[in-house]
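Right, one structure below, let's go through it.
Since every read-out is calculated from the coordinates, none of them should be taken as a lab result. In this text, all values refer to a predicted model and were calculated from it rather than measured experimentally. Note that each Cβ is placed from the backbone with ideal geometry, even for glycine, and that neighbours are counted across all protein chains shown.
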């Protein structure tokens with residue numbers, strides 16, 4: 001989607017150098033061509049950053065010893081299982 005691409009670009013610009021970008025955006029002169037539509041786009045950058053920030057966050061979890069032994073023997077990736085379970089419970093794929 002084109003608008004998502006624009007929001008991604010704006011988000012990346014703000015993330016890398018927001019002060020420079022703020023100066024640049026104030027100086028932009030919009031010159032629409034015939035049949036163009038000019039509109040303001042309201043973007044919640046705090047929410048945007050939450051969605052695109054894929055940093056790993058270390059969490060501590062406790063399980064019974066016997067379950068740990070069985071899962072380790074089976075080669076279970078605990079982080080992957082936890083992520084998949086949380087996504088399923090939350091009903092999201094993001």
Report task. Work out, step by step, the length gained on full extension between residue 54 and residue 89: first 0.36 nm times the residue separation, then minus their alpha carbon distance; give nm to one decimal. Result -> 10.7 nm
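Please rank 89, 76, fewest neighbouring Cβ atoms within 10 Å first, as an exposure proxy. The partial results should precede the final answer.
On the way: 89 8, 76 13.
Ordered from fewest to most neighbouring Cβ atoms within 10 Å, 89, 76 come out as 89, 76.
Rank these for me by crowding, 79, 93, going from fewest to most other beta carbons within 10 Å.
Numbers: 79 12, 93 6.
Exposure proxy ranking, most exposed first: 93, 79.
Extension gain residue 65-residue 82, at 0.36 nm per residue separation less the Cα-Cα distance, in nm? Numbers along the way, then the final one.
Numbers: separation 17, 0.36 × 17 = 6.12 nm, distance 1.70 nm.
That pair, residue 65 and residue 82, stretches by 4.4 nm at full extension.
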